[in-house]
1. For the condition under 11 Å from residue 81 (Cα atoms) and either in contact with a strand residue (DSSP E or B) (Cβ under 8 Å, 6 or more places away or on another chain) or within 7 Å of ligand 1 (Cβ to nearest atom) (or both), what is the one hit in 14, 39?
2. Have a look at 131, 189, 207, 125 and point out the one that is within 13 Å of ligand 1 (Cβ to nearest atom), modelled with pLDDT of 95 or more and surrounded by fewer than 21 Cβ atoms within 10 Å (Cβ to Cβ).
3. Give me the pairs: first residue in segment 181-200 and without any contact (Cβ under 8 Å) to a residue 40 or more places away in the chain, second residue away from ligand 2 (no atom under 16 Å from the Cβ) and not in a loop (DSSP other than H, G, I, E, B), beta-carbon distance under 8 Å, and six or more apart or on different chains, which are they?
4. Which condition from (1) more than 15 Å from ligand 1 (Cβ to nearest atom); (2) surrounded by fewer than 17 Cβ atoms within 10 Å (Cβ to Cβ) is the one that residue 67 breaks?
5. Scan (1) assigned to a loop (DSSP other than H, G, I, E, B); (2) under 26 Å from the mean Cα position of the chain (by Cα); (3) surrounded by fewer than 21 Cβ atoms within 10 Å (Cβ to Cβ) for the single condition residue 228 breaks and write down its number.
6. Looking only at segment 235-275, count how many residues are assigned to a loop (DSSP other than H, G, I, E, B), in contact with a helix residue (DSSP H, G or I) (Cβ under 6 Å, 6 or more places away or on another chain) and under 19 Å from residue 187 (Cβ atoms).
Ligand code: ATP
Ligand code: MG
């Protein structure tokens, strides 16, 4: 089976609708046809400040949500990034073949560092994409499903792999990004110009996977729309409504045209109410399963440890070859 790699940062207590639609739903499908690794990337999360006790908790919660959403830790390798030291080791090597200007062109770095200011921005945030390249290349991954915000990082990964192979001999598989086009990006409900983010600032704009039905209802009913009062998909002029329609489309299985027809002559109120029902029906069982898994953290940790051992076995083999190719003297 083709090897697949993806991950999410434990940067919040809950994942959100963007992570779910842009990543988890695809993972669930792809794990049946691929040899899949899904990581909770805690080393990426600390590229912005994290509280230590909270980070530990968020790491468990993220893993629990993967499983609750349908990732099977028996068949897929679901592990915590920092449990496999090879990630940091390969990232260092890749740092030395990455151009400073090349890394500086990454839009995620530009966005996140602009929000923080230069002195609050860590060098780790700058080299985030290089660590991500290490994640992917360690496992000789062929397929990398990501939201379209990560496409540029997968492109960089391909460039680094190609460069390393040319300089040191064939070592890495060149990965392909897999991005679901129409639903590639979910936007903030209050600020449909920016993507929904775990680290986003607007509490009312983020639809959390672990939200109670009441919170889901409140956020959707208050989501920003426009004053045309017509349910019509127009990303440019109606970003708020178009974003809600994207979520509606994914959870109902109906096309955008079918949705437009169904709500013709009706206001946003009806549309939003039906959307609330769809989201609650989708998220509630996941919230319940995640809560049950988190009631037994020792068992969850045991599952993660077993999966990390599986990941290490693959990663260490790649790292061994890399050390050899670049000319590191091996300790005897
Ligand atoms: P952070 O704000 O901490 O960066 P995030 O919400 O961007 O968090 P990540 O952990 O960085 O989430 O990304 C996990 C996965 O979710 C990636 O595949 C990413 O492409 C996808 N993703 C993140 N945000 C969205 C979104 N708004 N729409 C679709 N996919 C998304
Ligand atoms: Mg992100």
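1. Being under 11 Å from residue 81 (Cα atoms) and either in contact with a strand residue (DSSP E or B) (Cβ under 8 Å, 6 or more places away or on another chain) or within 7 Å of ligand 1 (Cβ to nearest atom) (or both) holds for just one of 14, 39, which is 39.
2. 125
3. 190/204
4. Status for residue 67: all satisfied but (2).
5. (2)
6. 1
The values are calculated or read from the model by the stated rules, or taken from the named source; none is laboratory data. Everything quoted here is computed from the prediction, not taken from an experiment. A quick note on method: Cβ atoms are made from the backbone with ideal geometry, for glycine too, and the neighbour counts reach across all protein chains shown.
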